[in-house]
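Contents: one structure, followed by commentary.
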Amino acid sequence: MKKDILDMEKLKKAIKKKALGYNVVEETVDYSLIDGEMVPSKKKTATRHIPPDVSALKALMDMKEETDYESMTDEELSKEKTRLLKILADTENK
């Protein structure tokens with residue numbers, strides 16, 4: 001059970017990172033042949049931006065909409081019921 005919670009947290013963190021975009025540092029090393037051995041001759045470091053991903057953003061928004069009804073009090077559940085019925089009535093009236 002605890003592992004499932006940790007895995008879900010890791011998943012949410014990864015989706016959030018992909019949804020918001022992030023930077024990665026890329027390193028390339030050029031080698032030269034000196035005295036019969038390959039030795040590093042030049043090292044380049046570049047930072048590349050990975051842009052936000054729309055699919056990940058949608059998944060993140062869907063996750064945020066999930067509500068933990070089991071932990072709500074009776075009063076909170078009543079308010080949530082009223083809110084959802086209002087949304088339903090508004091969509092039926094359109």
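The numbers here are math on the coordinates, done by the rules we state, and not lab data. Nothing here was measured: the structure is a model prediction, and the numbers come from that model. Cβ sites come from the backbone with ideal geometry, for glycine too, and all protein chains shown count toward neighbours.
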Q. What dipole magnitude, in Debye to the nearest 20, does the chain give about its Cα centre under +1 on Lys/Arg Cβ and -1 on Asp/Glu Cβ?
A. 320
Q) Given H placed on each backbone N at 1.01 Å, which residues far from TYR22 in sequence or on other chains put an amide H within less than 5 Å of it? A) ILE50
Q) In deg cm²/dmol, rounded to 500, what helix-only [θ] at 222 nm does the chain give when every DSSP H run of at least 4 residues adds -39500 (n - 2.57) and the total is split over its residues? A) -18000 deg cm²/dmol
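Expressed as cubic angstrom per residue, what is the convex hull volume of the alpha carbon set of the chain?
Values: hull volume 15.1 nm³, N = 94.
Roughly 160 Å³ of hull volume per residue.
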Q.
Between GLU80 and GLU27, what is the label-point separation in nm under the 7 Å Cα-to-beta-carbon projection?
A. 4.8
Q) Any idea which of LEU33, TYR22, LEU57 is furthest toward the positive side of the dipole for the chain, if Lys and Arg beta-carbons carry +1 and Asp and Glu beta-carbons -1? A) LEU33
